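One structure is given below, encoded as structure tokens.
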Amino acid sequence: MKSISKLVMVIAVSLSSINSFAQIKDAETATVTIYGNCEMCKATIEEAGNVKREANVQWDQKTKVATLTYNSGKTDPDEILKRIALAGYDSENFLAPDDVYAKLPECCQYNRALKPTGQAEAAHAHHQAASPANTAVENASQLQPVFDYYFSIKDALVKTDAPTASAKAAELVAAIGAVEMDKLTTAEHTAWMNVLKGLTANAERVSTSKDIAKQREAFAALSTQLYELAKVSKQDIAVYHQHCPMYSNGKGANWLSKENAVKNPYYGAQMLTCGETVEIIK
Amino acid sequence: MNRYKNICLKLAQAALLLLLCTPALFAQKVVRYDLYVSDTLVNYAGKEKRAIAVNGQIPMPTLTFTEGDTAEIVVHNQLNESTSLHWHGVFLPNKEDGVPHLTQQPIKPGETYTYRFPIIQHGTHWYHSHSGFQEQIGMYGNFVMKKRDEDKTFRKGIDDLPTVPLMLSEWTNLNPNNINRMLHNANDWAAIKKGATQSYVEAIREGQFHTKVTNEWKRMLAMDVSDVYYDKILINGENALELKTVDGQTLKAGDRVRFRISNGGASSYFWLRYAGGKMTVVASDGNDVEPVEVDRLIIAVSETYDVVVTIPEGGVAYEFLATTEDRTQSASYFIGNGIKQLISPLPRLKYFEGMKMMNDMMKMNGDLDDMGMNMSLNRMDMNVVMYPEITGEAGEKVDHSKHGMDTNNDANRYDANALGDIVTLNYAMLKSPHNTTLPKDAPVKELKFTLTGNMNRYVWSMDNKILSETDKIPVKKGEILRITLYNNSMMRHPMHLHGFDFRIINDQGENAPLKNVMDIMPMETNTIEFLANEEGDWFFHCHILYHMMAGMNRVFAVGDYQNPYLPDKAKAYNALQMESNMPHFMIQNDFATNGNDGEAMLQNARWSLGTEWRLGYNAMHGYEIETHLGRFIGKMQWFMPFVGFDWRYRKMGIDEHETNLFGQKNEKDTRRAVSLGFMYTLPMLVNFQAEVYHDGIVRLSLMREDIPISKRLRAGFMANTDLEYMGELRYIITKNIGIRAHYDSDMGFGGGLALTY
Ligand SMILES: [Cu+2]
Ligand SMILES: [Cu+2]
């Protein structure tokens, strides 16, 4: 029996090795800019783009220009660039999915010049405000934007998405600066003065760090300060004060959420639903 | 690229026909469409193949009406075969429903046939052929009924949005008739193409050997979430499309677009996701629902959803991606102007996690055990164990122990929405904006169906009966039918009711949603109800076309309807029953160095007529033919009694004779024998066969075919009490060709080419 299976294996192997060589036929070339940083980027870009006998990609780390050589009867630059974008790299035609970009190693997280900037995002937020669910925003507390950005940071940490957390934290810093203190209620004002310094410092720590562990550390502190504010500030919706007993070697940490369902920002997907609601603030 | 030539031709033809089918508006608002059904050639996946086009196009043209119109649709059958058109989800007189042999006679080649009915509802629906394998090769199209502007249910901000119809479908270069045969013969070519063989070598590599053995011990073949491999997924007939303008307006930041999405696929469910953020679901199966925001939804075969998407930024085109449930194929639609923002593809399924889950659920007798979870409404998706985006990558263990959570007993362990931060739509989230309760004084008829199936032989049924084994179910006009469905099979089924919308009973009380398709997952129990106030014979069936053709259907006969097109209703019903239990044929032969080995089989849902032969190249090796006619018994069809006929010739020396294990002797060169026996499938999928011949000779044998060693390598063996034995290895090259090496006690060692049809 053994010899038979060997024979079959030999046939199998020889069948599968037939298509391993030969050059690209009907070759055409194109040059395109692909955004990236380092040697590692080069390897990923080229591996994603290359297909045996169909497409070959050479990317220049200095100029960011890639030369695509491809069999024009079988494929086109768009197909190649799409594969590269799905590996995390933007080009003129395609933007990489955000979650794929976020998973690139830190040294590869190039500057996404082609992504629309945050201004448009602010416009987006504004646009959403027009929808009925958020009309309350107009007459809500001055602190509303602070809470909103805090929740965005929390959501990013739930997703273990350091770049987004950092970007949202930068916006939080701006929002803190924009609070008009004379419009706060007395209780809010007192609490605000108490936490202001720490709040700014922690938001900055999240925004300047690219290390998710450091961000989470700062976020834990940030959460305590936001909790102080939430207790005195009137919110349109209930806010859930939640607790993870595990964080920081069992010391535990808290956070605020708009939903009762637990989505743990300190561990993300590792243990998403671990934790519990300890208080509902209305 | 020569596909374009074809399209040019098609375009020219379509332009011509467009003149003919532009809706003509009369005073009484009759909206007329002329549909020319004809053969065409397409090239969707690298090969020129036959397809069916209507007015020169695939999908068929979008038919648009406004509530209150009268539809007049004239079908010109230019095919060489009969056809029909069914108006999926549309309320109409039974004779216009478009089911050949049930509501009308098939439209014959060359015939012109007119469907005419008033439009008394609104919403996103679709239409398709209900004949043979025609829907698979192009006969699907959108059917949109608009609300009147003065409609009381008109929703500002939703019903006034620009709309775009999206018809989802799949394409395979294989003939659908062939696919049907391969499914029935448990051909695993599709699994090979998808990388879903789940063989022993793959199991060992992933440390899942035990899982695989348990699976085979429970007599299961490797399973996938779907069982057909497609070469291309299409949205409106294209694999990638761009939407830059709607109604002449260029799309810009902040714009919202309403998609009217229909799944015209033959057997594929699609995940729908959007790179521009959350989507808002505003209707399902043509019925409004309270807007609900989701990250993704799965659209079952033949369902429709209306989904609103927003363009968050200018200068970017956001990808709307439809991915098959098995995640092997997808189609993209880019919405907006500028650089294309992609969404990440769904990661590959963790098949062995799925196998483990099936092992837990499957009892030794083939019933499913929900372990007290009371599953319903798609809330618990057992398949989440296979979704890396929700339950982590394969091999990654999530440690919950310190939090005092026991993963194995957590009630939420299959609830995607509790497990991850991704919001997935389910039926519990659908809520009608209106009160949908049925009249309190109407009599209620309660029905219960268990959905049953047998993966190995691809028999799909209800209460273990296929259509050809059941009569129509009589229903009084004006009765409420309340139907409870329990899915005791291993696959999900999109159950569709013709002619009515039903309420899906969920926690929304008076506002239970209205639909005409309900997807039901394995082990789920769901209840639907509707008022049977329209007379006629209404089809109720699984919309996975290969399940429908296998017999997973029923007919509700409401009132005593006289159909002018079907004077002899009994005869017509017989024809329908026949069509849903067509025999399928398989033949296989191995041309080997030491002889020919082969078999041929003709089977339907219950009967099997099979012949096996072993033909040596000389008389010493012998010639042998065995024929069995058997009937499969029981839901799992593990037991098959049969009558057999054997003929064999073998030149034996003078003193030679064969003695079996029981000391019985056979001394003749030629032997003709009639036998009675049975075959039983043992754990590990080993077939045990016992046979008694008319001369008293007994033969017992054990055999197993198609043991999946590696992705393409299969092994088999046979041993019997005549002291014959055989072992084989087969390497699969294409769906029809394999290389086979075997050792046979009669014929010795041989190698050769195995061909299968
Ligand atoms: Cu249908
Ligand atoms: Cu149907």
It is to be established whether one or more residues within region A:88-95 are closer than 16 Å to B:G277 by Cα, assigned to a strand (DSSP E or B) and within 10 Å of chain B (Cβ to nearest Cβ). yes
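I'd like to check something: does region B:256-273 contain any residue that is touching a residue at least 60 places away in the same chain (Cβ under 8 Å), of a type in the set (A, V, I, L, M) and within 14 Å of another protein chain (Cβ to nearest Cβ)?
Step one: list which residues in region B:256-273 are touching a residue at least 60 places away in the same chain (Cβ under 8 Å), which gives B:256-271, B:273.
Going one step further and asking which of them are of a type in the set (A, V, I, L, M), we end up with B:257, B:261, B:266.
If we keep only those that are within 14 Å of another protein chain (Cβ to nearest Cβ) too, we end up with none.
Within region B:256-273 (the criterion being touching a residue at least 60 places away in the same chain (Cβ under 8 Å), of a type in the set (A, V, I, L, M) and within 14 Å of another protein chain (Cβ to nearest Cβ)), the answer is no, since none of the residues qualifies.
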Among (1) within 14 Å of chain A (Cβ to nearest Cβ); (2) surrounded by fewer than 21 Cβ atoms within 10 Å (Cβ to Cβ) - the single one B:G336 does not satisfy: (2)
Mind checking which residues of region B:74-90 are under 24 Å from B:L497 (Cβ atoms) and either more than 16 Å from ligand 1 (Cβ to nearest atom) or surrounded by fewer than 18 Cβ atoms within 10 Å (Cβ to Cβ) (or both)? B:V75
Filter region B:420-464 down to the residues that are without any contact (Cβ under 8 Å) to a residue 60 or more places away in the chain, touching a strand residue (DSSP E or B) at 6+ places or on another chain (Cβ under 7 Å) and within 14 Å of chain A (Cβ to nearest Cβ) and list them by number. none
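Kindly evaluate B:K350 against the criterion of being in contact with a helix residue (DSSP H, G or I) (Cβ under 6 Å, 6 or more places away or on another chain) and on the phi < 0 side of the Ramachandran plot.
yes
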Out of all the residues in region A:216-225, is one or more of a type outside the set (G, A, S) and farther than 23 Å from A:M193 by Cα? yes
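Matching residues to (1) open to solvent by 40 Å² or more (accessible area, probe 1.4 Å); (2) within 39 Å of the chain's Cα centre (by Cα); (3) within 20 Å of B:M455 (Cβ to Cβ):
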{"site": "B:Q603", "(1), (2), (3)": "no, yes, yes"}
{"site": "B:R614", "(1), (2), (3)": "yes, yes, no"}
{"site": "B:F645", "(1), (2), (3)": "yes, yes, no"}
{"site": "B:T659", "(1), (2), (3)": "yes, no, no"}
{"site": "B:T670", "(1), (2), (3)": "yes, no, no"}
{"site": "B:M679", "(1), (2), (3)": "yes, yes, yes"}
{"site": "B:L682", "(1), (2), (3)": "yes, yes, yes"}
{"site": "B:S701", "(1), (2), (3)": "no, yes, no"}
Name the single residue that is nearest to ligand 2 (Cβ to nearest atom) among those in region B:470-499 being open to solvent by 20 Å² or more (accessible area, probe 1.4 Å) and of a type in the set (A, V, I, L, M, F, W, C). B:I473
May I ask you to verify whether B:N589 is out of contact with any Phe, Trp or Tyr (no Cβ under 7 Å at 6 or more places or on another chain), modelled with pLDDT under 85 and either open to solvent by 20 Å² or more (accessible area, probe 1.4 Å) or within 30 Å of B:G366 (Cα to Cα) (or both)? yes
Is there any pair linking a residue in region B:72-97 that is within 14 Å of another protein chain (Cβ to nearest Cβ) to one that is within 16 Å of ligand 1 (Cβ to nearest atom), with Cβ under 9 Å and at least six apart or on different chains, and which? none
Can you spot a residue in region A:29-38 that is part of a loop (DSSP other than H, G, I, E, B), within 14 Å of another protein chain (Cβ to nearest Cβ), surrounded by 17 or more Cβ atoms within 10 Å (Cβ to Cβ) and in contact with a helix residue (DSSP H, G or I) (Cβ under 9 Å, 6 or more places away or on another chain)? yes
Sole miss for B:L451 among (1) surrounded by 17 or more Cβ atoms within 10 Å (Cβ to Cβ); (2) of a type outside the set (D, E, K, R); (3) outside any strand (DSSP E or B) is condition (3)
Given the condition crowded, with 19+ Cβ neighbours inside 10 Å, touching a residue at least 60 places away in the same chain (Cβ under 8 Å) and touching a Gly at 6+ places or on another chain (Cβ under 6 Å), answer yes or no: does some residue in region B:538-550 qualify? yes
Of the criteria (1) at pLDDT below 90; (2) over 13 Å from the mean Cα position of the chain (by Cα); (3) open to solvent by 10 Å² or more (accessible area, probe 1.4 Å), which one A:Y149 fails: (1)
Identify the residue in region B:270-292 that is more than 13 Å from B:I158 (Cβ to Cβ) and charged (D, E, K, R) and, among all such residues, is most open to solvent (accessible area, probe 1.4 Å). B:K278
Those residues of region A:81-106 which are within 20 Å of B:G315 (Cα to Cα) and in contact with an Asp or Glu (Cβ under 7 Å, 6 or more places away or on another chain), in sequence order: A:N93, A:A96
Assuming B:E67 fulfils every condition listed in (1) more than 24 Å from the chain's Cα centre (by Cα); (2) more than 16 Å from ligand 1 (Cβ to nearest atom); (3) open to solvent by less than 10 Å² (accessible area, probe 1.4 Å) apart from one, which condition is it? (3)
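If a residue must be of a type outside the set (F, W, Y), surrounded by 17 or more Cβ atoms within 10 Å (Cβ to Cβ) and more than 13 Å from ligand 2 (Cβ to nearest atom), how many such residues does region B:551-574 contain?
Here the count works out to 7.
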Hits in region A:198-245 (condition: within 14 Å of chain B (Cβ to nearest Cβ) and crowded, with 19+ Cβ neighbours inside 10 Å): A:Q242, A:C244
Enumeration of residues in region B:92-116 that are more than 25 Å from the chain's Cα centre (by Cα) and either away from ligand 1 (no atom under 16 Å from the Cβ) or over 24 Å from B:D568 (Cα atoms) (or both): B:P93, B:K95, B:Q105, B:I107, B:K108, B:P109, B:G110, B:E111, B:T112, B:Y113, B:T114, B:R116
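Checking the conditions here, which among B:Y318, B:Y305 is touching a strand residue (DSSP E or B) at 6+ places or on another chain (Cβ under 7 Å) and within 14 Å of another protein chain (Cβ to nearest Cβ)?
B:Y318
Taking the condition of a type outside the set (K, R), within 31 Å of the chain's Cα centre (by Cα), farther than 25 Å from B:Q78 by Cβ and within 16 Å of ligand 1 (Cβ to nearest atom), does B:T163 pass?
On the way: of a type outside the set (K, R): yes; within 31 Å of the chain's Cα centre (by Cα): yes; farther than 25 Å from B:Q78 by Cβ: yes; within 16 Å of ligand 1 (Cβ to nearest atom): no.
Criteria not met by B:T163.
The values are calculated or read from the model by the stated rules, or taken from the named source; none is laboratory data. Predicted model only: the values in this text are computed from it and were never measured. In this analysis, Cβ positions are derived from the backbone assuming ideal geometry, glycine residues included, and neighbour counts consider all displayed protein chains. Protein only, heavy atoms only, side chains kept; ligands, DNA and RNA dropped before computing areas. Shrake-Rupley method; radii C 1.70, N 1.55, O 1.52, S 1.80 Å.
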